[in-house]
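Undergrad: Handing you this structure, nothing more for now.
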Amino acid sequence: MIYVSLVMAFIVAILITPLVKRLAFRIGAVDAPNYRKVHTRIMPRLGGLAIFIAFLVGLAILRPLPGGDNSYLMPIAIILGAKIIVLTGMLDDVFEISAKAKFFGQLIAALIIVFVGDIQINFINLPFGGKLEFGLLSIPFTIIWIVGITNAINLIDGLDGLAAGVSTIALVTLSCMAFIMGDMFVVATAAILACSTIGFLFYNFYPAKIFMGDTGALFLGFMISVLSLLGFKSLTMFSFIVPVIMLGVPISDTFFAIVRRFRNKQKWTAPDKSHLHHCLIGLGFSHRQTVLLIYGIATLFGLAAVTISVAKLWGAIFLIAVILVLIELFVEVIGLAGKNYRPLINLAKLFNK
């Protein structure tokens, strides 16, 4: 039955995306070009609705249920929260609502996950013994995680097929790791969503015929954040680090965007044209090459996350340290945090004198 649900989610995404494209033009959900954007013509941007509908069809066929006392409430909370996120994204795609309004929708969806679905990060087992109890902070910590990852996917949605492809890679990684851990609910849900997104990519990869818009970016970010919580909550410190590494592309892009804006004395929410994809294009890579290169980086992060999840303690520590150094070097070389941000390179030059 799982194969049927995966195939149907893929097929529905392919069949329904052209209909969503027509709807987007009809209701004015279009994206006009400007100085920050790469496209040069008006594009429909409601594609996330096709991903969401295909996902619901696949989910309805399989009807996966998690284990535990709240096995019925959890899927209800996830779907309800996803509907609020999709509605929020659709309103933004049509009317371009304020950042506060979008945050309010994300907050409501996160609260539903926490209180209806009873999904929280309660504690983390520390690598050298003992545990870190979050207590009253478990609720705000969980909400920050959901809202943060939801917006991280949205921030990388700047090139044709970029956010959809990176999200697909993250979902496949998440499904593989959940399989290793024996969580079949996360395996099935992540796989269905990945198939829905792959079907949409037939229309979204360069040159795109439709954008996923905030409807898709927020929905994918929301689902990835929730599924990663289901797979890794209340486990070891490294189990918590694993989804962070798995989402290395959007998280690092978001983190260094904040660093860049802080150094430039800008608001941390201020838009700019210095994200990862902008930097790579600025180095001379074509649109397609930039997307494929970021796909490769996301895949490496995914493989690293899987490796860390099965590695011994010191092996995991060493691999995490290597990843952090490589990220920092890459950021400094391409200028992701600003052209003059080169602490590691400058330190290396100092030692070579």
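The values are calculated or read from the model by the stated rules, or taken from the named source; none is laboratory data. A quick note: this is a predicted structure, and the numbers were derived from the prediction, not measured. Neighbour counts are summed over all protein chains in view; Cβ atoms, including those assigned to glycine, are modelled from backbone coordinates with ideal geometry. Remember, those area values only see protein heavy atoms, side chains included, never the ligands or the DNA or RNA. Shrake-Rupley method; radii C 1.70, N 1.55, O 1.52, S 1.80 Å.
Undergrad: Defining a contact as two alpha carbons under 8 Å apart and six or more residues distant in sequence, what relative contact order in percent does the chain show?
TA: Relative contact order of the chain: 21 percent.
Undergrad: Between LEU80 and PHE25, how high is the FRET efficiency from 1/(1 + (r/R0)^6) when r is the Cβ-Cβ distance and R₀ = 35 Å? Nearest 0.05.
TA: With a Förster radius of 35 Å, E is 0.75.
Undergrad: Between LEU326 and MET181, take the C-beta separation as r, use R0 = 25 Å, and let me know the FRET efficiency to the nearest 0.05.
TA: Once the sixth-power term is evaluated, E becomes 0.40.
Undergrad: Determine the order of CYS279, CYS176 by accessible area, beginning with the largest, at a probe radius of 1.4 Å.
TA: CYS176, CYS279
Undergrad: Along each of its three principal axes, how wide is the spread of alpha-carbon positions in the chain, in whole angstrom units, largest first?
TA: 63, 53, 36 Å, listed from the longest principal axis down.
Undergrad: Determine the dipole magnitude for the chain: charges of +1 sit on the beta-carbon of Lys and Arg, -1 on that of Asp and Glu, nothing else is charged, the reference point is the Cα centre, and the result goes in debye to the nearest 20.
TA: 1000 debye
Undergrad: How far, in nm, would the chain grow between ALA60 and VAL4 when pulled straight, counting 0.36 nm per residue and subtracting the alpha carbon separation?
TA: 19.0 nm
Undergrad: Ok, one more. Ordering LEU324, LEU132 from largest to smallest accessible area (1.4 angstrom probe), what's the sequence?
TA: Correct descending sequence by accessible area is LEU324, LEU132.
Undergrad: Could the peptides 186-198, 292-304 be put in order, highest first, of the mean number of other beta-carbon atoms found within 10 Å of their residues?
TA: 186-198, 292-304
Undergrad: Sticking with this structure for a sec: Would you mind checking the pairs LYS21/LYS102; LYS100/LYS209; LYS265/LYS339; LYS21/LYS83 and listing those with alpha carbons more than 26 angstrom apart?
TA: LYS100/LYS209
Undergrad: Projected onto the charge dipole of the chain (+1 at Lys/Arg Cβ, -1 at Asp/Glu Cβ, origin at the Cα centre), which of ASN151, VAL333, ILE27 gives the Cα projection farthest towards the positive end?
TA: Farthest along the dipole direction, towards plus: VAL333.
Undergrad: Picking from PHE285, TYR72, ILE308, whose Cα lies most toward the positive end of the charge dipole for the chain (charges on Cβ: Lys, Arg +1; Asp, Glu -1)?
TA: So the residue furthest toward the plus end is PHE285.
Undergrad: Computed FRET efficiency, Cβ-Cβ of ASN346 and LEU293, R0 30 Å: what is it to the nearest 0.05?
TA: 0.70
Undergrad: Shifting gears a bit: Evaluate Rg over Rh across segment 59-190, taking Cα atoms for both radii and Kirkwood's formula for Rh.
TA: Result for segment 59-190 is an Rg/Rh of 0.98.
Undergrad: Among the helices of the chain (complete DSSP H runs), which have Cα atoms covering no less than 15 Å along the helix axis and a Kyte-Doolittle mean of at least 1.6?
TA: 2-27, 48-62, 73-95, 99-115, 162-181, 184-204, 213-232, 313-334
Undergrad: Which value, in Å² rounded to 10, gives the accessible area of TYR341 with a 1.4 Å probe and all protein chains present?
TA: So the heavy atoms of TYR341 present about 50 Å² to solvent.
Undergrad: For the ranges 209-222, 250-263, what's the packing order if you count other beta-carbon atoms within 10 Å of each residue, average per peptide, and put the highest first?
TA: Per-residue Cβ counts within 10 Å, averaged per peptide and sorted highest first, yield 209-222, 250-263.
Undergrad: Using just the helices of the chain, give the 222 nm mean residue ellipticity in deg cm²/dmol: DSSP H runs with n ≥ 4 each add -39,500 (n - 2.57), and the total is spread over all residues, rounded to 500.
TA: Per the formula, -24000 deg cm²/dmol.
Undergrad: Go through 151-158, 1-8, 78-85, 50-57 and give me the packing order, highest mean Cβ count within 10 Å leading.
TA: Sorting 151-158, 1-8, 78-85, 50-57 by mean packing, highest first, produces 50-57, 151-158, 78-85, 1-8.
Undergrad: How much accessible area per residue does the chain have, in Å², with a 1.4 Å probe?
TA: 47 Å²
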